[in-house]
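Okay, so here's the structure we're looking at.
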Amino acid sequence: MKAVLSAVTAYLPEKVLTNQEISTFLDTSDEWILTRTGIRERRIFDRLQTDLKSSDIAAEVALKLLRMQNLDPLKIDVIILGSMYPDFVFPSTACVVQGMIGAHNALAFDITAACGFIPLAIQQGDMMIRAGQAKNVLIIGAELSSRVVDWTDRNTCVLFGDGAGALLLTSVDDSDPRGVIASTLKSDGRFTSILQLKKDEVDQAHFLEMDGKSVFKIAVNEMADSVKETLNKAGLQEKDIDWLIPHQANIRILDATAKKLGLPAEKLIVNVDRYGNTSSASIPIALMEAVESGKIKQGDLIALVAVGGGMNWGCNLIRY
Ligand code: ACO
């Protein structure tokens, strides 16, 4: 048996926050944000909804996917969830969501890898399906970034956006031409301090702290290498890739990765301009848009690649 990517969807807040609006309360400008990051706007959940939790938006996107697939929640065998802002340290947000959506047969757990979540989750789901431990694996990235960025820190808050995305991996027979072909994952704990979610000692509020330049360098160096290593494992080459779907962090990181792989801009999926960095949800959101717009077709070879807090990075090659 092997895993195919059988469904993808997203749940996004309606409220659009433009660079222009941010520059009304912060010392920044549309021009600075756009040229340094490629971001024009991002979505954020209403700040007055103070009781909104990551599990709420995760359950929304999960139920949307189940409705789309006409899938009974009891048929979900595993839920893997990523979020920079889990409801609790424990229980896992995946367990909270399992209860909320009635997926009572599912094993549920979180992976803590911030923006590097998707390659890890897909690799984990793929292995469980190959081992015969699961038939349906639900992967959810749920981000309330607007609740964890420091809105007085122009170095970080302009980069992030809210949103949730979900993917479904389903077990199929080996004869199916589709499927997860190969994955590569790496971690480097020497870089734990360059991207962290911290807690203010006085008011205990969370805030995201980042050394943007160091993150930038690791992302540019490692994302392309990760794709190359995964292609090698699969006996494929850069020219075989139909679509590169990187974690949507910064247009300069995306362009540099495509360039290092010798891929033309037309093969690069980009939506960071409209959503900013939605961390664990960014690849599902980009994938959903590319599938819905008809860009990605069945049989296409797609490369998903991400880097995030840890640092962690990795790639999945998938025949869609
Ligand atoms: N508006 C105006 N000026 C700003 C802003 C802003 N929003 N932010 C920073 N500046 C200033 C800085 O203070 C600095 O001023 P100085 O020279 O007087 O000190 C100047 O702009 C240049 O700042 P740099 O840090 O040199 O800008 P750089 O070109 O490196 O871009 C950026 C910064 C956009 C953060 C970039 O480094 C980046 O994108 N890094 C990667 C970030 C990322 O992807 N993070 C998420 C990773 S995934 C995860 O796990 C969550």
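Quick notes on this one:
- Considering residues of segment 264-320 that are hydroxyl-bearing (Ser, Thr, Tyr) and in contact with a strand residue (DSSP E or B) (Cβ under 7 Å, 6 or more places away or on another chain) only, the residue surrounded by the fewest Cβ atoms within 10 Å (Cβ to Cβ): Tyr320
- Scanning segment 192-215 for residues that are assigned to a helix (DSSP H, G or I) and surrounded by fewer than 17 Cβ atoms within 10 Å (Cβ to Cβ) yields Thr192, Ser193, Gly212, Lys213, Ser214.
- Residues that are hydrophobic (A, V, I, L, M, F, W, C) and either touching a Ser or Thr at 6+ places or on another chain (Cβ under 8 Å) or assigned to a loop (DSSP other than H, G, I, E, B) (or both), drawn from segment 233-267: Leu236, Ile241, Leu244, Ala249, Ile251, Leu261, Leu263
- Members of segment 196-214 that are within 12 Å of the ligand (Cβ to nearest atom), touching a residue at least 24 places away in the same chain (Cβ under 8 Å) and either closer than 16 Å to Gln248 by Cα or more than 20 Å from the chain's Cα centre (by Cα) (or both): Gly212
- Residue that is nearest to Cys157 (Cα to Cα) [pool: residues in segment 24-46 that are of a type in the set (Ser, Thr, Tyr) and more than 8 Å from the ligand (Cβ to nearest atom)]: Thr24
A quick yes/no check of all residues on (1) within 21 Å of the chain's Cα centre (by Cα); (2) touching a residue at least 40 places away in the same chain (Cβ under 8 Å):
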position	(1), (2)
Thr35	no, no
Asp51	no, no
Ala58	yes, yes
Leu65	yes, yes
Phe109	yes, no
Phe117	yes, yes
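- Residue in segment 155-167 that is in contact with an Asp or Glu (Cβ under 8 Å, 6 or more places away or on another chain), of a type outside the set (Lys, Arg), more than 30 Å from Glu292 (Cα to Cα) and assigned to a loop (DSSP other than H, G, I, E, B) present: yes
- Selected residue (criterion: farthest from Asp162 (Cα to Cα)) from residues of segment 7-33 that are of a type outside the set (A, V, I, L, M, F, W, C) and in contact (Cβ under 8 Å) with a residue 24 or more places away in the chain: Asp27
- Annotation: Ile129 fulfils all but one of (1) within 16 Å of the ligand (Cβ to nearest atom); (2) more than 19 Å from the chain's Cα centre (by Cα); (3) crowded, with 18+ Cβ neighbours inside 10 Å; the unmet one is (1).
- Picking from residues in segment 281-307 that are within 11 Å of the ligand (Cβ to nearest atom) and within 20 Å of Ala182 (Cα to Cα), the one that is farthest from the chain's Cα centre (by Cα) is Val307.
- Candidates Pro91, Pro86, filtered to the one that is away from the ligand (no atom under 16 Å from the Cβ), under 22 Å from the mean Cα position of the chain (by Cα), surrounded by 14 or more Cβ atoms within 10 Å (Cβ to Cβ) and outside any helix (DSSP H, G or I): Pro91
- Subset of segment 282-296 [within 20 Å of Ala258 (Cα to Cα), in a loop (DSSP other than H, G, I, E, B) and either out of contact with any helix residue (DSSP H, G or I) (no Cβ under 8 Å at 6 or more places or on another chain) or charged (D, E, K, R) (or both)]: Lys295
Condition check ((1) under 25 Å from Ser187 (Cα atoms); (2) of a type in the set (A, V, I, L, M, F, W, C); (3) in contact with a Leu (Cβ under 9 Å, 6 or more places away or on another chain)) across all residues:
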residue	(1), (2), (3)
Thr230	yes, no, yes
Ala234	yes, yes, yes
Ile241	yes, yes, yes
Ile245	yes, yes, yes
Thr257	yes, no, yes
Glu266	no, no, no
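No value in this document is a laboratory result; all are computed from the given coordinates. On a predicted model such as this, the values are computed, not experimentally measured, just so you know. Neighbour counts are summed over all protein chains in view; Cβ atoms, including those assigned to glycine, are modelled from backbone coordinates with ideal geometry.
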